[in-house]
Amino acid sequence: MFSIEKNKDLTALNSLAFKSSAESYCRIEQETDLSQAISFVKKNNISFQVLSGGSNLLIAEYVTGLTLHMQIKGRKLVCETNDELILRVAAGENWHDLVSYTIKQNWQGLETLALIPGLVGASPVQNIGAYGKEIKDVLVKVRAFDVKQLDFIELDVEQCEFSYRDSYFKRNPGRYIITSIDIKLSKKFTINKNYKALELYFSENNITVIKLKDIFNGICVIRASKLPNPDKISNAGSFFKNPCISHSEFSALSIDHPEIIGYRISESEVKVAAGWLIENCGWKGYQSKGVGVYHKQALVLTHSGGANLGQLLRLAEKIKNSVFDKFSITLEIEPQHFP
Ligand SMILES: Cc1cc2nc3c(=O)[nH]c(=O)nc-3n(C[C@H](O)[C@H](O)[C@H](O)COP(=O)(O)OP(=O)(O)OC[C@H]3O[C@@H](n4cnc5c(N)ncnc54)[C@H](O)[C@@H]3O)c2cc1C
């Protein structure tokens, strides 16, 4: 039943574990809760924000207005043929549990997106991606509440205007509240070039006939060896986006820094590994007063306790400045300010 809590502690609900509380908070367990919550917001002329798994947030110490915690559960097979199927998944389902479920069914499409923290409803917001795949590659449509029209709408993949860690939803904050997504998965397994990163895992584990579950297991092993588990070390994943620069800029940088890591993403652009840039400015493993740079992956900033968001942002600023001074590249922060 829809109810509002006052002064809700959000410290355990953000993966950076910053001390935080919400002025008002409600759980959204069904779509009707959402209509009620938005009516409450409009009637009282207050602000609102949408919270899912809290794994991509820079949370304020005091979150004003109403915090809507998305907890709508459920998944449903919409249609299927011999080759493929469409699955509808509610916003409050855990992302990794969804990936595990599809692998158990032997449905291909999500295997490289294993172990990404958070809930399903947030996945289109920043077009989650890993190992060459993004949610846009399997997404059919998104169902969302349009706060302007005060009605539920559906957006197909074109309308979501996805790009690298970006979408129509991210560019229109506060307008759409995603309640479910439809994804298309394949029943026929095909191996493709995106699994290059797994070659070492396959050879070390003597896997010669590769199955779908081997890819999923490999991704889980590789990610667990490189990225900190937020339940043990507080973090928000990649703190900066990988910057995209022109081929000519990349060639110029390669003269002074032949080891620079970049991936061609289009005729005109190269995506540079931000972790490499940060590591080469000497930040990897840096720790000071509760905030730091993860010792195995310089792209991840961590909070070991007792610090606040301001301290983390000051560290991020220092990192940005040193990367700019050395490479003339401006890093952009990936997690979202909340509110
Ligand atoms: C260890 C670690 C590894 C990570 N690895 C990856 C990775 O490989 N690839 C990647 O892309 N990301 C990665 N991330 C980032 C993060 O997991 C994803 O961005 C994830 O989708 C965030 O989900 P969430 O439920 O935690 O969203 P939250 O952090 O709660 O919210 C993120 C943003 O989306 C908005 N939002 C959330 N749900 C909804 C909704 N239903 N409707 C409208 N707006 C909504 C929020 O208001 C907020 O602005 C990683 C994070 C961590 C901690």
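A few notes on this one:
- Top-ranked residue in segment 323-339 [being surrounded by fewer than 17 Cβ atoms within 10 Å (Cβ to Cβ) and assigned to a helix (DSSP H, G or I); ranked as nearest to the ligand (Cβ to nearest atom)]: PHE324
- Residue identified as away from the ligand (no atom under 12 Å from the Cβ), surrounded by 18 or more Cβ atoms within 10 Å (Cβ to Cβ), over 30 Å from LEU313 (Cβ atoms) and in the same structural domain as GLU161 (by TED's automatic domain parsing) among LEU87, LEU98: LEU87
- Set GLY121, GLY132, GLY109: member being within 14 Å of the ligand (Cβ to nearest atom), out of contact with any Asp or Glu (no Cβ under 7 Å at 6 or more places or on another chain), of a type outside the set (Lys, Arg) and within 24 Å of ILE265 (Cβ to Cβ): GLY132
This table checks each residue for (1) under 18 Å from the mean Cα position of the chain (by Cα); (2) modelled with pLDDT under 95.
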residue: ARG175; (1), (2): no, no
residue: ILE178; (1), (2): yes, no
residue: LEU185; (1), (2): no, no
residue: ASN192; (1), (2): no, yes
residue: TYR195; (1), (2): no, yes
residue: SER203; (1), (2): no, yes
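Residue-by-condition table, conditions (1) of a type outside the set (A, V, I, L, M); (2) at positive phi; (3) away from the ligand (no atom under 12 Å from the Cβ):
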| residue | (1), (2), (3) |
| --- | --- |
| LEU16 | no, no, no |
| SER21 | yes, no, yes |
| ARG27 | yes, no, yes |
| GLN30 | yes, no, yes |
| SER39 | yes, no, yes |
| ILE46 | no, no, yes |
| GLN49 | yes, no, no |
| LEU68 | no, no, no |
| VAL78 | no, no, yes |
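- The set of residues in segment 210-244 being in contact with a Leu (Cβ under 8 Å, 6 or more places away or on another chain), within 22 Å of ALA316 (Cβ to Cβ) and away from the ligand (no atom under 13 Å from the Cβ) consists of PRO243 alone.
- Taken residue by residue, segment 176-183 has no member that is away from the ligand (no atom under 11 Å from the Cβ) and either surrounded by fewer than 19 Cβ atoms within 10 Å (Cβ to Cβ) or within 22 Å of ALA273 (Cα to Cα) (or both).
- Screening ARG165, ARG143, ARG171 for residues that are more than 22 Å from ARG264 (Cα to Cα), within 11 Å of the ligand (Cβ to nearest atom), of a type in the set (D, E, K, R) and outside the structural domain of VAL221 (by TED's automatic domain parsing) leaves exactly one candidate, ARG143.
- Residue that is nearest to GLN108 (Cα to Cα) [pool: residues in segment 184-212 that are basic (Lys, Arg) and surrounded by 14 or more Cβ atoms within 10 Å (Cβ to Cβ)]: LYS187
- Matching entry among GLU29, GLU23 (being at pLDDT 95 or above and out of contact with any strand residue (DSSP E or B) (no Cβ under 6 Å at 6 or more places or on another chain)): GLU29
- Only residues that are within 23 Å of the chain's Cα centre (by Cα) and closer than 19 Å to LEU331 by Cβ were counted across segment 261-282, and they come to 15.
- Residues in segment 285-306 that are in contact (Cβ under 8 Å) with a residue 60 or more places away in the chain and more than 19 Å from the chain's Cα centre (by Cα): LYS296, SER304, GLY305.
The values are calculated or read from the model by the stated rules, or taken from the named source; none is laboratory data. None of these values were measured; they are calculated from a predicted model. We place every Cβ from the backbone using ideal geometry, glycine too, and count neighbours over all the protein chains shown.
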